[in-house]
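This report refers to the structure that appears directly beneath it.
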Amino acid sequence: MIDFIIFGIVDNGVMIAGAFTGIEIEKYLPNRFKMGLLMPIVGAGIGNMTSDFLGGLFAMNMPLAIGSAIGCFLALFLIPIFNLKFKLGA
């Protein structure tokens, strides 16, 4: 049980760190690349992809690590589609 709790803390911790990283990175981008509220979403998606990959690695399950990373990466392409509906961009 404690293993699952630790995994959850690491998994969400990396995703949250990714969201804040997305906010920080945007400060240094030229205005034409700034995406407003989309950058934390992109950062969270990349953070989640990283944490899922690392979770698979630490579980010593390479197919899980690679498969989940690829799935998370492909899901990042949903961000512009969702943005058409919610209009979060700059």
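The values are calculated or read from the model by the stated rules, or taken from the named source; none is laboratory data. From a predicted model like this one, the values you see are computed outputs, not experimental measurements. When we count neighbours, we look across all protein chains shown, and the Cβ atoms used for this are built from the backbone with ideal geometry, even at glycine.
Some observations on this one:
- When Ile6, Ile25 are checked against the criterion of being of a type in the set (Val, Ile, Thr), surrounded by fewer than 12 Cβ atoms within 10 Å (Cβ to Cβ) and either farther than 18 Å from Phe73 by Cβ or at pLDDT below 85 (or both), a single residue qualifies: Ile6.
- Of all residues in the stretch 57-67 being modelled with pLDDT of 85 or more and either in a helix (DSSP H, G or I) or touching a Cys at 6+ places or on another chain (Cβ under 7 Å) (or both), the one that is surrounded by the most Cβ atoms within 10 Å (Cβ to Cβ): Ala65
- Residue count for the stretch 33-85, restricted to those that are over 23 Å from Ile9 (Cα atoms), among the β-branched types (Val, Ile, Thr) and in contact with a Leu (Cβ under 8 Å, 6 or more places away or on another chain): 1.
- For the stretch 68-77, the count of residues that are in contact (Cβ under 8 Å) with a residue 24 or more places away in the chain, out of contact with any Lys or Arg (no Cβ under 7 Å at 6 or more places or on another chain), in a helix (DSSP H, G or I) and crowded, with 18+ Cβ neighbours inside 10 Å is nonzero.
- Number of positions in the stretch 28-43 that are surrounded by 14 or more Cβ atoms within 10 Å (Cβ to Cβ), modelled with pLDDT of 80 or more and outside any helix (DSSP H, G or I): 0
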